[in-house]
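One structure is given below, encoded as structure tokens.
Please treat every number below as a calculation from the coordinates, not as lab data. Not measured: the values here are computed from a predicted model. Counting neighbours? That spans all protein chains shown, and the Cβs are built from the backbone with ideal geometry, glycine included.
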Amino acid sequence: MIRLSKSSISDFEKEAVLQVLDKEYLGMGEEVQRFETQIQAYLQTDMEVVCVNTGTAALHLALSVLGFGAGDEVLVPSLTYVASFQAISATGATPVPCEVRPDTLFLDVKDARARITENTKAIMPVHYASSSKGMEAVYELAQEFGLRVVEDAAQAFGSRRDGELVGTKGDIVCFSFDGIKNITSGEGGAVLSSDPAVVRRVQDARLLGVEKDTDQRYAGRRSWDFDVREQGFRYHMSNIMAAIGIVQLGRIEQFKKKRQQIASRYIAVFANCEEVTLPDFDFEQILPHIFVIRAKDRDGLREHLLANNIECGVHYKPNHLLTKYKTGYDLPVTEDVYESILTLPCHVDLTTEEQDRVIQTVKGFYA
């Protein structure tokens with residue numbers, strides 16, 4: 001079976017974990033601080049980095065510290081993993097599903113504008129398949145209506161937008177480092193912001209709301225005499241996770257080169273295939289977490305690939321079609337996109353021979 005996605009773990013990650021185990025300080029401590037500092041240095045940003053235990057936790061914390069709750073609304077594309085919607089509804093706020101553009105698969109700002117009400121507090125654009133083409137228009141809309149922007153950049157770490165790394169600037173940017181993302185810490189995520197109030201509150205909230213506990217943890221100590229003023233969560237990252245992430249960060253250019261090579265080979269083959277449409281992504285700028293095509297007879301092709309021991313995926317079922325998030329309106333563009341999208345294998349350990357097999361199997365189906 002050719003895998004759709006997988007982690008790429010070397011002996012260096014294993015050794016880093018063993019070193020943490022030998023120290024016998026497994027929770028949040030100096031390794032987490034190191035990881036945060038190295039992420040900031042890699043991005044060359046003034047935005048502060050706060051590492052947490054998952055990308056979903058990053059989104060939930062970002063929204064929570066902004067004070068969103070019952071009666072508030074957050075605009076979000078329906079074509080995203082359910083984590084985006086769950087993070088919003090976990091605060092008590094209501095996710096408002098919006099259309100995506102059929103070419104970029106990114107939030108349709110025109111549709112989002114039409115769904116703004118007096119209860120709208122934020123926009124959560126999703127960097128679908130690592131691409132964020134259209135962010136400038138999102139920030140313009142947010143500025144016009146006084147909305148916060150929480151970027152769901154779970155798939156975009158290491159990608160660029162307008163020549164700058166995602167996370168270099170913005171309101172609030174959230175990354176994921178789960179097992180199959182562009183870099184992994186096993187599980188994990190990060191919240192980035194240049195708003196000092198947001199950073200401070202996220203730092204406290206990830207540690208059950210214990211004020212200034214972050215500084216104590218970095219020094220290898222516990223807080224015994226402390227205060228809690230706001231709701232918090234057990235969302236901190238562990239030293240074990242950070243140790244993996246630090247090594248992975250050092251390998252990111254290797255990962256980027258391989259993933260872009262895989263994307264380039266797919267593009268060269270499918271660019272002139274009438275049955276396959278490629279999204280309008282700039283693969284020279286993005287570090288592709290997944291490789292998505294729009295295919296005629298998608299379900300037939302999917303069954304054909306699986307029958308030939310090739311994993312493939314559908315990223316994602318639109319959230320407005322899920323029972324919890326059903327709406328009183330249709331999103332015809334998103335629904336049309338959903339009927340045709342298919343994700344092909346794309347990971348660092350995919351061999352040329354395996355990719356050739358994927359390509360020939362797709363071409364064979366249409367032949």
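Scan the stretch 138-174 for residues that are aromatic (Phe, Trp, Tyr) and either crowded, with 19+ Cβ neighbours inside 10 Å or farther than 16 Å from residue 193 by Cβ (or both) and jot them down.
Our first condition is that a residue be aromatic (Phe, Trp, Tyr); within the stretch 138-174, this holds for 139, 145, 157.
Hits for the stretch 138-174 are 145, 157.
If we keep just the residues of the stretch 117-153 that are of a type in the set (Gly, Ala, Ser) and assigned to a loop (DSSP other than H, G, I, E, B), which is farthest from residue 169 (Cα to Cα)? Spell out how you get there, then give the answer.
Taking the stretch 117-153 as the starting set, the residues that turn out to be of a type in the set (Gly, Ala, Ser) are 122, 129-132, 134, 137, 142, 146, 153.
Filter once more, keeping what is assigned to a loop (DSSP other than H, G, I, E, B): 131-132, 134, 146, 153.
Details: 131: 16, 132: 13, 134: 15, 146: 18, 153: 12 Å.
Applying the filter and picking the extreme gives 146.
Within the stretch 317-332, residues that are within 18 Å of residue 102 (Cα to Cα) have Cβ atoms under 6 Å from residues that are of a type in the set (Ser, Thr, Tyr) and surrounded by 13 or more Cβ atoms within 10 Å (Cβ to Cβ) in these pairs: 318/78; 318/334; 318/338; 319/78; 319/325; 320/78; 320/327; 331/78, counting only partners at least 6 apart in sequence or on another chain.
When 80, 56, 45 are checked against the criterion of being within 17 Å of the chain's Cα centre (by Cα), closer than 30 Å to residue 104 by Cα and part of a loop (DSSP other than H, G, I, E, B), 80 stands alone in meeting it. Taken across the stretch 15-23, residues that are basic (Lys, Arg), under 30 Å from residue 357 (Cβ atoms) and part of a helix (DSSP H, G or I) do not occur at all. For residue 96, the criteria (1) closer than 18 Å to residue 218 by Cα; (2) assigned to a strand (DSSP E or B) hold in every case but one, which is (1).
Per-residue answers, yes or no, for (1) buried (at least 17 other Cβ atoms within 10 Å of the Cβ); (2) within 20 Å of residue 3 (Cα to Cα):
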{"residue": "223", "(1), (2)": "no, no"}
{"residue": "230", "(1), (2)": "no, no"}
{"residue": "236", "(1), (2)": "yes, no"}
{"residue": "241", "(1), (2)": "yes, no"}
{"residue": "244", "(1), (2)": "yes, no"}
{"residue": "247", "(1), (2)": "yes, no"}
{"residue": "252", "(1), (2)": "no, no"}
{"residue": "261", "(1), (2)": "no, yes"}
{"residue": "268", "(1), (2)": "no, no"}
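Counting only residues that are polar (S, T, N, Q) and surrounded by 16 or more Cβ atoms within 10 Å (Cβ to Cβ), the stretch 309-323 holds 1 of them.
For the stretch 223-256, give me each residue that is among the polar types (S, T, N, Q) and assigned to a loop (DSSP other than H, G, I, E, B). Full working, then the answer.
At the first step, the residues of the stretch 223-256 found to be among the polar types (S, T, N, Q) are 223, 231, 238-239, 248, 254.
The answer is 223, 231, 238.
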